[in-house]
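The values are calculated or read from the model by the stated rules, or taken from the named source; none is laboratory data. Just so it is clear, the structure is predicted and the values come from calculations on it, not from any experiment. Quick reminder, even Gly has a Cβ in these numbers, built from the backbone with ideal geometry, and neighbours come from all protein chains shown. Accessible surface areas use protein heavy atoms only, side chains included; no ligands, DNA or RNA. Shrake-Rupley method; radii C 1.70, N 1.55, O 1.52, S 1.80 Å.
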Amino acid sequence: MKVVFHLLIVIFTVVGHAQEQPEVYTIKGKTINNNNEPLPFVKVLLKSVVSDSIIAGTTSNLEGEYVIKSKAAKSYLEFSFVGYKTAKIETLAFKTSTINVPDIVLLQDNTMMNEVQVVGERSTTEFKLDKRVFNVGTDLTNSGASALEVLSNVPSVNVSIEGDVTLRGASGVQILINGKPSVLADDGSNALGTITADMISQVEVITNPSAKYQAEGSSGILNIILKKEEKKGINGSVSVNTGWPHNHSIGFSLNRRGEKFNVFTQLGAGYRSLPRYNNNINRDLVSGTELVSDGTNYRNEQFYNLILGTDYYLTKQDVITLSGSIAYEVEQQPSETEFSLLDSSNEIVRQWNRIESTEATNPKFQYELKYKRDFKDDKDHDLNFSFIGNYFGKTQSSDFDNSVILGSGILEDQLTSTQFSESRNTFNLDYVKPFKKTFTLETGVQYSVNDVRNNYQVEDEVAGVYTVNEGLTNTFEYSQNVFGAYGTGAYEKDKWGVKLGLRVEHTDLQTFLVNTNQQNTQKFINLFPSLHTSYKLNKRVSFQAGYSRRIYRPRLWDLNPFFNISNNFNIRTGNPNLLPEYTDSYEVGSIFIFQKTSFNFNVYDRYTTQVIEQISVFENGVNTYTPNNLGTRNTVGAELNFKYTPNKIVTFNGDVNYNIFVRKGTFDTQDFNFTSDQWQGKLTSKFKLNKKIDFELSGNYQSRVRTVQGVTSANVFADAGFRYKILNGKGVLNASVRDIFASRFRETVVDQEDFYLYSFGQRGRFITLGFSYGFGKGEAMQYSGARGGPRK
């Protein structure tokens with residue numbers, strides 16, 4: 001009995017002590033720097049005193065605060081952050097359930113500064129459930145580059161020398177800025193060049209968008225995410241660039257982050273010249289005559305850019321953002337083209353020059369008001385409302401003077417003038433609600449209003465007097481209103497996930513030619529379902545599959561019927577009666593990650609109806625090309641993206657895309673049913689010679705492609721970049737050469753029964769030199785000349 005009695009005393013004593021101690025300890029604290037400012041994103045680990053193993057971990061929030069919960073009393077804290085010395089608190093007083101740790105000060109590690117500057121500089125690609133994210137580092141070939149050049153380095157994307165963007169070889173790409181439509185991404189304003197490489201954080205490649213995204217873009221979405229510096233205190237950078245052909249600019253970035261306010265700004269100014277050589281042949285196969293035009297045109301731009309914004313934190317969960325951007329461009333477009341008319345014996349019977357003098361001013365601005373509410377129950381539970389307003393204007397005048405070199409006849413000079421304005425306003429409301437960490441519901445609405453007015457006038461010189469050409473003069477009004485609503489549900493476990501969604505959109509589109517009283521109205525409602533799934537076999541291997549339905553609505557410059565008469569024998573015009581094209585897209589992909597190699601392999605199928613194609617019509621030696629809806633296109637392809645790092649010095653990134661497509665349809669009496677293929681490839685080699693010097697070389701190849709009326713030639717070109725770091729990595733000297741061998745061009749042939757057309761265009765080699773310096777906690781950036789202004 002005594003043994004039992006003593007045993008009971010021991011048991012009750014142990015139980016009593018266990019009840020006195022809490023089951024879970026809550027450890028709280030704050031991380032700061034030596035200026036007593038909160039230090040966010042610090043890694044906080046709770047480790048065992050006995051085994052030194054990790055028990056729990058977290059990251060400090062924007063205010064530097066952290067909370068860790070644990071049952072282990074014999075433990076200590078370790079704090080680490082890139083560029084700072086690791087700190088520890090080895091003695092914790094586990095006397096109560098809540099332990100308030102004194103503020104921990106992290107000191108900068110100056111011996112690591114050179115290495116710190118390297119972290120995150122390289123562009124990498126990560127894969128998510130319904131998209132690929134291209135993180136834009138300071139890639140050397142991007143130095144001194146605009147957003148168009150950055151896009152040309154993104155896997156799956158190609159950018160022509162005219163600035164036309166394709167995804168997997170297909171047009172109909174919707175380009176967004178920070179997930180929203182923007183005048184800066186509109187193909188009509190051609191203003192992507194006002195966004196420079198240093199402003200871009202990420203580019204999301206969404207080949208199969210979920211129903212959350214606006215359904216615009218038959219081949220997919222490219223979402224350009226701009227940087228907004230979040231480091232506390234004052235941070236900034238300044239840069240100076242020069243180049244040949246003329247590409248001179250200065251850029252400045254500044255950010256001030258406090259407890260309640262975050263103010264950010266970027267500004268730049270410069271001058272840029274974009275020469276382009278053009279050669280065209282218009283051959284009449286009936287009469288045997290031929291017209292050859294040969295010349296160079298320039299796009300000379302002065303530009304001024306300003307981005308300004310602020311975040312205001314009402315509470316820890318509520319933030320209001322007000323931001324705006326202004327761009328102003330002054331253009332001059334001098335050009336000189338020589339025309340030669342040859343008879344059926346290939347003899348020149350007439351020659352003349354056409355000199356163009358064009359001047360234009362382009363004001364652009366955008367403003368955004370955004371409210372975000374983060375709910376306390378889950379970091380992904382939030383409500384977003386935004387209003388985005390855009391405006392783009394253009395005042396342009398052109399003078400075309402003709403002079404005879406050989407032969408006789410009267411050549412009429414011409415004057416053109418353009419008054420253009422576009423406003424676009426978009427309202428968004430989005431709500432995300434996670435349930436039990438496995439299911440997420442998203443829903444929202446969007447309303448977009450786009451209004452355009454374009455006054456265009458052509459005057460012909462007759463007997464020394466200019467008179468209005470009524471056939472080419474008109475006022476074009478364009479209005480497009482789109483209302484969309486969506487809902488998606490995602491179920492995601494550790495290894496398997498699925499996302500299902502549906503979007504409905506109502507479109508109201510109207511065009512009106514005032515002078516001739518021609519009106520076109522289109523109203524339609526569409527449903528856009530989407531389905532995505534993924535399976536993670538292990539940490540190295542995962543699989544994805546998806547389906548979505550998309551629409552490509554004709555853009556403003558596809559519908560605008562006004563003529564571009566820079567070369568009045570090769571005229572481009574729009575089609576007000578153009579209809580949208582629709583695409584059903586299917587995709588299956590896999591991701592493999594190994595020690596030195598990672599690659600992503602995808603197989604896809606796109607079926608498009610009412611395909612929009614540029615069609616040439618030939619009459620009296622004049623080629624007029626205009627967009628038309630022509631039949632169907634079914635594309636089946638495979639794509640491989642890979643990264644290979646054999647050692648610490650060299651890294652290879654590659655992208656190969658091959659597809660076969662079937663075209664079916666008719667144009668007038670022509671039947672163009674055919675099957676063809678195309679492929680593109682990119683390879684980038686990056687060499688880190690030491691901590692200060694980097695070198696990069698990239699090559700691109702685009703195969704020959706058959707079109708409805710002819711072919712587009714194959715093309716191969718290369719870019720190179722060099723960077724040298726000074727001043728402990730705060731200063732950067734950089735150089736880049738785009739199109740090293742001046743081999744990038746666009747060559748097309750249209751070969752029909754009664755006419756033959758040849759077109760060749762080339763911009764040539766671009767060389768850029770620059771210096772940039774970062775101050776505060778900022779890093780050196782590369783700012784470049786901007787490319788802007790609408791196509792005429």
**Study point:** Distance histogram in 10 Å bins (all Cα pairs of segment 566-642, percent per bin)
**Key:** 16, 27, 22, 19, 12, 4, 0
Review point. Quick one: accessible area per residue over segment 328-482, 1.4 Å probe, rounded to a whole number of Å²?
Key: 49
Check your understanding: Roughly speaking, to the nearest percent, how much of segment 615-689's 1.4 Å accessible area is carbon and sulfur?
Key -> 58
Exercise for review: Could you size up the charge dipole of segment 651-723 around its Cα centre, putting +1 on the beta carbon of Lys and Arg and -1 on that of Asp and Glu, and report it in debye to the nearest 20?
Suggested key: 420
Review point. Quick one: Karplus J couplings for segment 306-315, per residue in order, coefficients 6.51, -1.76, 1.60, θ = phi - 60°, nearest Hz, x for Gly and Pro?
Key: 9, 10, 9, x, 8, 10, 10, 8, 4, 9
Revision key, fill the gap. Those trypsin sites (Lys or Arg not before Pro) from segment 556-665 that are DSSP loop and have at most 15 other Cβ neighbours within 10 Å turn out to be 596, 648
Practice item. Over segment 45-101, with every protein chain in place, what whole percent of the accessible area is carbon and sulfur at 1.4 Å, could you tell me? Key: 51
Point to revise | Backbone N within segment 494-538 under 18 Å of label point (7 Å from residue 485 Cα along the Cβ vector) | key: 501-508, 524-530
Check your understanding: Measuring with a 1.4 Å probe in the full set of protein chains, what accessible area per residue, in whole Å², belongs to segment 651-691?
Key -> 52
Point to revise | Given 43/643; 379/437; 493/596, the pairs whose alpha carbons are separated by over 22 Å | key: 43/643; 493/596
Check your understanding: Which loop-located trypsin sites (Lys or Arg not before Pro) does segment 30-80 contain, where loop means any DSSP state but H, G, I, E or B and the Cβ has at most 16 other Cβ atoms within 10 Å?
Key -> 71, 74
Point to revise | trypsin sites (Lys or Arg not before Pro) restricted to DSSP loop in segment 341-394 with at most 11 other C-beta within 10 Å | key: 376, 379
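According to the Kirkwood expression over distinct Cα-Cα pairs, how big is the hydrodynamic radius of segment 692-778, in Å?
16.0
What shape does segment 389-447 have by the C-alpha gyration tensor, where a ≥ b ≥ c are the square roots of the eigenvalues, rounded means a/c under 1.5, and otherwise prolate means a/b greater than b/c and oblate the rest?
prolate
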Review point. How much of the accessible area of segment 385-424, probe 1.4 Å, is carbon plus sulfur, in whole percent?
Key: 55
Exercise for review: May I ask for log10 I(q)/I(0) of segment 236-395 at q = 0.09, 0.18, 0.19 Å⁻¹, from a Debye sum over the Cα atoms as equal point scatterers with solvent left out?
Suggested key: -0.57, -1.11, -1.16
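Taking the Cα centre of segment 578-723 as origin, work out the dipole magnitude from +1 charges on Lys and Arg Cβ and -1 charges on Asp and Glu Cβ, in debye rounded to 20.
1060
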Study note, to complete from the structure: Quick note, segment 317-452: a/c under 1.5 would make it rounded; otherwise a/b > b/c is prolate and the rest oblate (a ≥ b ≥ c, C-alpha gyration tensor); here it is prolate
Exercise for review: State whether segment 586-630 is rounded, prolate or oblate according to the following rule on the C-alpha gyration tensor (a ≥ b ≥ c being the square roots of its eigenvalues): a/c under 1.5 gives rounded; otherwise a/b larger than b/c gives prolate, and the remaining case gives oblate.
Suggested key: oblate
